[in-house]
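Here is the structure we will look at, set down as structure tokens.
The values are calculated or read from the model by the stated rules, or taken from the named source; none is laboratory data. Keep in mind it's a predicted model, so treat the numbers as computed, not measured. Positions of Cβ are backbone-derived with ideal geometry, glycine not excepted, and every protein chain shown enters the neighbour counts. Ligands, DNA and RNA are excluded from the accessible area calculation, which covers all protein heavy atoms including side chains. Shrake-Rupley method; radii C 1.70, N 1.55, O 1.52, S 1.80 Å.
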Amino acid sequence: MITLAIAGKPNCGKSTFFRAATLAQAEIANYPFTTIDANHGVAYVRTACPCQEMHVPCENCRDGFRFVPVGLIDVAGLVPEAHLGRGLGNQFLDNLRQADAFLQIVDASGATDAEGNPVNIGSRDPMKDIEFLQYEMSMWMYGILSRNWAKLVRQAQARDFSLAAAIAEVFAGLGITYEHVRDATEAVGVDLRTAGEEDLIRFCRELMTISKPMLIVGNKADQAPKECLDRLAKHDIVVASAAGELALRMAAEGKFVRYLPGDRSFTENPEANLSAAQRAGLQKVADFMQTFGGTGVQKALDAAVFNLLDRIVVFPVEDEHKLTDGKGRVLPDAFLMKRGSTPRDLAYQVHTDIGEGFLYAIDAKTGMRVKDTHELKNGDIIKIVSVRK
């Protein structure tokens, strides 16, 4: 399963975002270090279900939309110099190891200082928080590399020694590959064998950017003054109100409103017995959604998976005519695949044995047999023909 990590300084709304995205219980409070241990949960990305296009009844989508699970980690807040062990230190950076991408939550309202302590709204430039986290993570990676650097440089004297492969091995626990190291080396344009400290830090920053892509989420935007939003608007960010999304999801669970995560609006249940205060609160959320096209929480999850990680959704079936599995369930599975994946890749993702016994595939939408080299597209429905089951 793809895993996203929610990162940022304390008190920027990370736990609210986590709870809104997962409806899992997470402590939320207005002071730094509310989260001590990382919270783990399951969130969902939203995509169109092909049952609408294929005109078949499907019990696995909601209003024509399929929600595909991804892992979500809420990591405790990072403070300046966390890579040196300050605050709660490297234990939180270590929690980010398993993440495929990061959602950097920024307090768009400018109402918390660098440590996460409350200050007057608009008194802190949210742009400072964006740079700080990227710096901390780069320096964390540099710390790992520097502890191994003297040994690597000695080994690099051998003619047949691959420094890039050795660096990849150092970072193997972070999911970093030889290709990541190669691309980062080319991007900084230096010979790592003779690189100094400044060059290695630049290399680590590039390696982090390539291997752990990051999406910036301007949270608390419902409280943000115009000048803060204007600063953030100059950058590629997702504006969000995690508190608004959480209120909507809880209201939907209570049958007070009709709302599907990712919708641009919601409707009140005419039979709901809402108080004046509840209606006023929902109206504030509705106003925010009208201005920004939704609460931003689902948009952030979708952007991280489909844009940052460049994934597509593919639906494997056993019966290409009825679009069912062996138990007669219509479109029971939806797999997130790397763009450029082939039917054989899908076969391996379904099960290793099916991949090893792969013969060919059938595109259920066209009824045509497709080659092993065929590139899968988002929304494809594929039957795998294998000598093994």
Notebook entry, point to check: Does Leu346 satisfy the condition of being hydrophobic (A, V, I, L, M, F, W, C), open to solvent by 60 Å² or more (accessible area, probe 1.4 Å) and outside any loop (DSSP other than H, G, I, E, B)?
Noted result: no
Item checked: Close pairs (7 angstrom Cβ cut-off, 6 or more residues apart or separate chains): under 13 Å from Gly262 (Cα atoms) in region 281-293, open to solvent by 100 Å² or more (accessible area, probe 1.4 Å) anywhere -> Met289/Arg264; Gly293/Arg264
Margin query: I'd like to know if region 300-314 contains one or more residues that are in contact with a Ser or Thr (Cβ under 6 Å, 6 or more places away or on another chain) and either under 30 Å from Ala7 (Cβ atoms) or of a type in the set (Val, Ile, Thr) (or both).
Written below: yes
Next item on the list: Would you tally the residues in region 260-281 being within 28 Å of the chain's Cα centre (by Cα), farther than 12 Å from Gln298 by Cα, open to solvent by less than 60 Å² (accessible area, probe 1.4 Å) and not hydrophobic (A, V, I, L, M, F, W, C)?
Entry: 0
Next item on the list: Return yes when Asp319 is without any contact (Cβ under 8 Å) to a residue 12 or more places away in the chain, open to solvent by 10 Å² or more (accessible area, probe 1.4 Å) and in contact with a strand residue (DSSP E or B) (Cβ under 8 Å, 6 or more places away or on another chain) and no when it is not.
Entry: no
Item checked: Residues that are touching a Gly at 6+ places or on another chain (Cβ under 9 Å) and open to solvent by 20 Å² or more (accessible area, probe 1.4 Å), drawn from region 289-316 -> Lys299, Asp302, Asp310
Margin query: For region 198-240, which positions are at pLDDT below 95, part of a loop (DSSP other than H, G, I, E, B) and touching a helix residue (DSSP H, G or I) at 6+ places or on another chain (Cβ under 6 Å)?
Written below: Pro213
Next item on the list: For residues that are open to solvent by 10 Å² or more (accessible area, probe 1.4 Å), hydrophobic (A, V, I, L, M, F, W, C) and assigned to a loop (DSSP other than H, G, I, E, B), tally how many sit in region 101-128.
Entry: 4
Notebook entry, point to check: Among all residue pairs at least 6 apart or on different chains, which show Cβ distances below 7 Å where the first residue, located in region 4-21, is of a type in the set (Phe, Trp, Tyr) and modelled with pLDDT of 90 or more and the second is part of a strand (DSSP E or B) and open to solvent by 10 Å² or more (accessible area, probe 1.4 Å)?
Noted result: Phe18/Asn39; Phe18/Gly41
Next item on the list: Go through the residues of region 202-210 one by one and say whether even a single one is aliphatic (A, V, I, L, M) and farther than 22 Å from Gln155 by Cα.
Entry: yes
